[in-house]
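The values are calculated or read from the model by the stated rules, or taken from the named source; none is laboratory data. Please read all numbers here as calculations on a predicted model, not as lab measurements. Because the Cβ atoms are built from the backbone with ideal geometry, glycine has one as well, and the counts that use them run over all protein chains shown. Accessible surface areas use protein heavy atoms only, side chains included; no ligands, DNA or RNA. Shrake-Rupley method; radii C 1.70, N 1.55, O 1.52, S 1.80 Å.
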Amino acid sequence: MSTMTTFDSTVESLLDLLESIQECRTQLPDFQRGWVWDDERIRNLLISVSLSYPIGAVMMLQTGNPNVRFASRPIEGGHT
């Protein structure tokens, strides 16, 4: 028997997302490549998000599933 996967498109404010990244509650899976954008592209992405412009999909995975076997790592430049 297969299990059903559900998706949640919950809206999260940019401020909440940035705080979650800074507090290391939002991290990347260890297989995710490193950051390659320059500051201008990052700035433009944040502007687009803050103005509610469509930016495509951001996929996030909730931690705590014992069947998921990969490590996480902090988002580069996102924590103090």
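Just a few scattered comments:
- Computed from the Cβ-Cβ distance with R0 of 22 Å, the FRET efficiency linking Phe70 to Ser20 stands at 0.70.
- Exposure check, 1.4 Å probe, all protein chains in place: Ser72 carries approximately 70 Å² of accessible surface.
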